[in-house]
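**Student:** Questions regarding the structure given below will be posed in turn.
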Amino acid sequence: MSERDLKRPHNPQASSDPLDYNGLNCPVPLQSYPNIILGHGGGGKLSAELVEHIFLPAFQNDHLALLGDATVFSIDGGRLAMSTDSYVVRPLFFPGGSIADLAINGTVNDLSMSGAKPLYLSAAFIIEEGFPVAELKRIADLMGAAALRAGVTVITGDTKVVEKGRGDGLYINTCGLGIVPSGVNIAPNRAAVDDVIILSGTIADHGMAIMSVREGLEFEADIESDSAPLNAMVAAMLEKCPDIHVLRDPTRGGLAATLNEIAQASQCGIEIEDCLVPMDPTVQSACEILGLDPLLVANEGKLVCIVPKAHAAEVLQTMRSQAVGKEAAVIGRVVTDHPGMVVAKTSIGASRVITVPIGEQLPRIC
Amino acid sequence: MKYLTEYRDGAKAQRLAAEIRRIVTQPWAIMEVCGGQTHSIIRNGIDQILPEQVEMIHGPGCPVCVTPLAAIDKALAIASRPEVIFCSFGDMLRVPGSNDDLFKIKGAGGDVRVIYSPLDAVRIARENPEREVVFLAIGFETTAPANAMAVKLAKQQGITNFSALVSHVLVPPAIETIMNSPGNRVNAFLAAGHVCCVTGFAEYPALAAKYNVPIVVTGFEPLDLLEGIRRTVLQLEKGQAKVENAYPRVVSEQGNRAAQAVIEEVFEVTDRGWRGIGTIPGSGWRLNSDYREFDAEYKFTVSDISTCESPLCRAGEVLKGAIKPNQCQAFGKECTPRTPLGATMVSSEGACAAYYNYGRFVHLERPAIAEQVS
């Protein structure tokens, strides 16, 4: 990074070297936490360290190394996509959805982010002793309804019961298989300079909905999770433009983590504008009250699409014609400057770097 | 959004910046006292649109950052005890003590809970009569009324399994310390709007007169901050040193009397150690003798814990405005938000974390993003 890229401190006595931002992304060893902390599941740097230092070395192979939401592999000339995810949300029911919706939609969306048409899911239930059967039935029925809505079939499953106190009610794991249409090549490392970045709607709805019920916080209006299957919209987008370069759903770690992963994988710079990112006013207020950055809050029914400039307008229009994408907006572009980094233009016309969260985002004291 | 978007208007911000550019004739160093203001300045890039002559120095107003290491170590010692439910505001959890942080205590089986209101800690105590509930009561004058109210309520309701580990700090003594410190470069202060919302600003005219320094009570949104800076520069250029209120929609001169009353009832002034700065006489509040039985320091006999800071960390110089965060040798190397040496790198309000998270660029001129899809 050259010196002119950095705003120099006004202090004339300043003598330090310009900060080497690229150096800051070097992997650091798992040094300070001998035990797992909640932040290791937050989708930020701590999560990435677990994957890098523990899981990648244990399972080493080229498919896993790509670190996509789903992995695409070939069998007899056809291309399949596979993905798995576990659902541990508390409470099990929340405004706008339930663990059942997340368990189906989450895996469907992970498959969709490879461009695949999701087909089959497995479902495994880890149930704590004492869990009401009526509630389990309700959740299973809701999963069935969600699968129907997404157009996928649950074809295999498993049930385990753990002793009282050894689980938190109910955990669900789903694994999904889908088929990737020919001519589609979507991967986190395909963002190219001048590509346009489209976001499918408002951010931070899911994370704030969960927080409002979990922490007993009440806001003036209800905040609802955005949990939804995105496969129908993705299919329509690919029909218009098979050459979509990147799709990601900004779940844990939020939009900030997703954009950083893409910038890192593609070694391009990403530039967005704060004021172009759609937000529900109530959600924005809730984030302000708690001192949370909405860019770091989880979403469950949104995607980021990176597409060649020539196709951006038609892809945007296609997204807006779907219920799950009606508030889609262009939020930024891929640039040659600051490769591997995400920079936002602020509402007053200045700029700031958007970094990856460390672990769980912490509400500020005041 | 009401009271939010209208204070983030880009065009108005540029007009205010242009006005500041028009009136400034020489270099000035202005300290924003509050960490929330630092956060907003860096997040919005306000310093990037100011003229070169106006330098913002980030003051010691992040409560998480100035809480002394000894207080953190006391918190960790108490939180490790099996009978304790330890309640804290969220951003205290990652602040490093000598060996651990609250996250590690939690990971090792400690019952550490993030709360949003101090009254939640009192409720948890009521619901868990067989446990000891300890609340980490830190912050400036802003958080003091709610913290005081929690202790008062616990006493009223006879909740004896509740106590508070208090490490409150006060703004005016910190301003004095900065003005008295050798090599001080601060020409003017933006006073913290939300502190003044509680205390009012009757204490400030004496400070402004004694040190011949303008003090402008300022809010937190971009237009609030730019207006505060504009008024400050105007005073500096005219050679004035007055107290002004640029945040009248929230702050009145007398402040919040009800909040002051509960503070007076529960707290008393004490000397307080500031992380990276040292002890400042009369710069803190602790529980007074009427409420001693709710003081966790006495209840758990941790008052003899004292600790040293990392020798690499220059947080004190950052907090006093002597250096910028990126002038510290450890910045971005040994010290990152992932591996913080000092608390200024931990809280998102901390000057070092703000620099790290929102490190700045000169923005190259390009057509607006919205124009490319048409």
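The values are calculated or read from the model by the stated rules, or taken from the named source; none is laboratory data. Please read all numbers here as calculations on a predicted model, not as lab measurements. Using ideal geometry, Cβ is built from the backbone for each residue, glycine included, and neighbour counts are taken over all protein chains shown. Keep in mind that these areas ignore ligands, DNA and RNA; they rest on the heavy atoms of the full protein, side chains included. Shrake-Rupley method; radii C 1.70, N 1.55, O 1.52, S 1.80 Å.
**Student:** From the list A:Glu218, A:Glu163, A:Glu129, which one is assigned by TED's automatic domain parsing to the domain that holds A:Val277 and either crowded, with 24+ Cβ neighbours inside 10 Å or over 30 Å from A:Ile270 (Cβ atoms) (or both)?
**Tutor:** Numbers: A:Glu163 fails: assigned by TED's automatic domain parsing to the domain that holds A:Val277; A:Glu129 fails: assigned by TED's automatic domain parsing to the domain that holds A:Val277.
When all the criteria are applied, what remains is A:Glu218.
**Student:** I'm told B:Asp224 meets every condition in (1) assigned to a helix (DSSP H, G or I); (2) touching a Pro at 6+ places or on another chain (Cβ under 8 Å) except one. Can you identify the failing condition by its number?
**Tutor:** (2)
**Student:** Any idea which of (1) open to solvent by less than 10 Å² (accessible area, probe 1.4 Å); (2) more than 19 Å from the chain's Cα centre (by Cα) is the one B:Lys74 doesn't satisfy?
**Tutor:** (1)
**Student:** Tell me, which strands (runs of 3 or more DSSP E) lie completely within the range A:132-228 with 1 or more residues that are within 19 Å of the chain's Cα centre (by Cα)? If you could, list the steps in order and put the result at the bottom.
**Tutor:** On the way: elements: A:153-162, A:170-179, A:196-199.
The qualifying strands (runs of 3 or more DSSP E) are A:170-179, A:196-199.
**Student:** If we keep just the residues of the range B:15-34 that are open to solvent by 60 Å² or more (accessible area, probe 1.4 Å) and of a type in the set (D, E, K, R), which is farthest from B:Asn187 (Cα to Cα)?
**Tutor:** So the first thing to find is which residues in the range B:15-34 are open to solvent by 60 Å² or more (accessible area, probe 1.4 Å), and the list is B:15, B:21-22, B:25-27.
When the remaining residues are screened for being of a type in the set (D, E, K, R), the result is B:15, B:21-22.
Details: B:Arg15: 24, B:Arg21: 17, B:Arg22: 19 Å.
The residue in question is B:Arg15.
**Student:** Would you confirm, using the coordinates I've provided, whether A:Asp69 is more than 14 Å from chain B (Cβ to nearest Cβ) and modelled with pLDDT under 90? Break it down into steps so the answer makes sense when it comes.
**Tutor:** Values: more than 14 Å from chain B (Cβ to nearest Cβ): yes; modelled with pLDDT under 90: yes.
Yes, satisfied.
**Student:** Now for a separate question. Go over the candidates B:Val213, B:Val217, B:Val195, B:Val186 one by one and state the one that is in a helix (DSSP H, G or I) and not assigned by TED's automatic domain parsing to the domain that holds B:Ile78.
**Tutor:** Values: B:Val213 fails: in a helix (DSSP H, G or I); B:Val217 fails: in a helix (DSSP H, G or I); B:Val186 fails: in a helix (DSSP H, G or I).
Sole residue among the options that is in a helix (DSSP H, G or I) and not assigned by TED's automatic domain parsing to the domain that holds B:Ile78: B:Val195.
**Student:** B:Asp271 is checked against (1) out of contact with any Ser or Thr (no Cβ under 6 Å at 6 or more places or on another chain); (2) surrounded by fewer than 19 Cβ atoms within 10 Å (Cβ to Cβ) and fails just one. What number does that condition carry?
**Tutor:** So the condition that B:Asp271 fails would be (1).
**Student:** Can you report the number of residues in the range A:84-97 which are farther than 17 Å from A:Gly301 by Cα and open to solvent by less than 50 Å² (accessible area, probe 1.4 Å)?
**Tutor:** 2
**Student:** Here is a further query. For B:Ala125, indicate whether it is touching a Phe, Trp or Tyr at 6+ places or on another chain (Cβ under 7 Å), open to solvent by less than 10 Å² (accessible area, probe 1.4 Å) and more than 12 Å from chain A (Cβ to nearest Cβ). Don't jump to the end; show me each part of the working.
**Tutor:** Working: touching a Phe, Trp or Tyr at 6+ places or on another chain (Cβ under 7 Å): yes; open to solvent by less than 10 Å² (accessible area, probe 1.4 Å): yes; more than 12 Å from chain A (Cβ to nearest Cβ): yes.
Judged against the criteria, B:Ala125 is a match.
**Student:** All but one of (1) in the same structural domain as B:Arg21 (by TED's automatic domain parsing); (2) part of a helix (DSSP H, G or I); (3) surrounded by fewer than 21 Cβ atoms within 10 Å (Cβ to Cβ) hold for B:Ala202, so report the exception by its number.
**Tutor:** Among (1) in the same structural domain as B:Arg21 (by TED's automatic domain parsing); (2) part of a helix (DSSP H, G or I); (3) surrounded by fewer than 21 Cβ atoms within 10 Å (Cβ to Cβ), B:Ala202 violates only (2).
**Student:** Still on this model: Cβ-Cβ distance below 9 Å, separation of 6 or more or different chains: which pairs start in the range B:239-264 with a residue that is open to solvent by less than 60 Å² (accessible area, probe 1.4 Å) and end on one that is of a type in the set (Lys, Arg) and part of a helix (DSSP H, G or I)?
**Tutor:** Note: pairs meeting the criteria are B:Glu244/B:Arg231; B:Ala246/B:Arg230; B:Ala246/B:Arg231; B:Val262/B:Lys152.
**Student:** Taking the range A:321-343, which residues are within 12 Å of chain B (Cβ to nearest Cβ) and either part of a helix (DSSP H, G or I) or touching a Phe, Trp or Tyr at 6+ places or on another chain (Cβ under 9 Å) (or both)? Lay out the reasoning, then the answer.
**Tutor:** Residues of the range A:321-343 that are within 12 Å of chain B (Cβ to nearest Cβ), as a first pass: A:328-338, A:341-343.
Scanning the range A:321-343 gives A:Asp337, A:His338, A:Met341, A:Val343.
**Student:** State yes or no: is B:Leu207 touching a helix residue (DSSP H, G or I) at 6+ places or on another chain (Cβ under 9 Å), in the same structural domain as B:Leu16 (by TED's automatic domain parsing) and without any contact (Cβ under 8 Å) to a residue 60 or more places away in the chain?
**Tutor:** On the way: touching a helix residue (DSSP H, G or I) at 6+ places or on another chain (Cβ under 9 Å): yes; in the same structural domain as B:Leu16 (by TED's automatic domain parsing): yes; without any contact (Cβ under 8 Å) to a residue 60 or more places away in the chain: yes.
The answer is yes for B:Leu207.
**Student:** Ok, one more. Condition first: of a type in the set (Val, Ile, Thr) and touching a Gly at 6+ places or on another chain (Cβ under 9 Å). Can you find one or more residues in the range B:197-215 that meet it? If you could, list the steps in order and put the result at the bottom.
**Tutor:** Initially, the range B:197-215 is screened for residues of a type in the set (Val, Ile, Thr), giving B:198-199, B:213, B:215.
Next cut, touching a Gly at 6+ places or on another chain (Cβ under 9 Å) only: B:198-199.
Yes, there is a match, as at least one residue in the range B:197-215 is of a type in the set (Val, Ile, Thr) and touching a Gly at 6+ places or on another chain (Cβ under 9 Å).
**Student:** Could you give every pair whose Cβ atoms fall below 6 Å, whose first residue belongs to the range A:273-284 and is more than 10 Å from every other protein chain (Cβ to nearest Cβ), and whose second residue is assigned to a loop (DSSP other than H, G, I, E, B) and open to solvent by 40 Å² or more (accessible area, probe 1.4 Å), counting only separations of at least 6 or pairs across chains?
**Tutor:** The qualifying pairs are A:Pro278/A:Glu327.
**Student:** Looking only at residues in the range B:322-358 that are in contact with a strand residue (DSSP E or B) (Cβ under 6 Å, 6 or more places away or on another chain) and surrounded by fewer than 24 Cβ atoms within 10 Å (Cβ to Cβ), which one is farthest from the other protein chains (Cβ to nearest Cβ)? Steps first, answer last, please.
**Tutor:** So the first thing to find is which residues in the range B:322-358 are in contact with a strand residue (DSSP E or B) (Cβ under 6 Å, 6 or more places away or on another chain), and the list is B:325, B:341, B:345, B:351, B:358.
Checking the rest, the ones that are also surrounded by fewer than 24 Cβ atoms within 10 Å (Cβ to Cβ) come to B:341, B:358.
Working: B:Leu341: 12, B:Tyr358: 4 Å.
Once the filter is applied, the top-ranked residue is B:Leu341.
**Student:** Of all residues in the range B:311-321, which are assigned to a loop (DSSP other than H, G, I, E, B), touching a helix residue (DSSP H, G or I) at 6+ places or on another chain (Cβ under 9 Å) and more than 12 Å from chain A (Cβ to nearest Cβ)?
**Tutor:** Taking the range B:311-321 and keeping what is assigned to a loop (DSSP other than H, G, I, E, B), we get B:311-314, B:320-321.
If we keep only those that are touching a helix residue (DSSP H, G or I) at 6+ places or on another chain (Cβ under 9 Å) too, we end up with B:313-314, B:320-321.
Passing the criteria: B:Cys313, B:Lys320.
**Student:** Count, please, the residues in the range A:297-312 that happen to be in a helix (DSSP H, G or I) and either more than 11 Å from chain B (Cβ to nearest Cβ) or open to solvent by less than 40 Å² (accessible area, probe 1.4 Å) (or both).
**Tutor:** Here the count works out to 1.
**Student:** While we're on this one: Pick from B:Lys12, B:Lys2: which is at pLDDT 95 or above, facing another protein chain (nearest Cβ under 10 Å) and open to solvent by 10 Å² or more (accessible area, probe 1.4 Å)? Don't jump to the end; show me each part of the working.
**Tutor:** Values: B:Lys2 fails: at pLDDT 95 or above.
Testing whether each residue is at pLDDT 95 or above, facing another protein chain (nearest Cβ under 10 Å) and open to solvent by 10 Å² or more (accessible area, probe 1.4 Å) leaves just B:Lys12.
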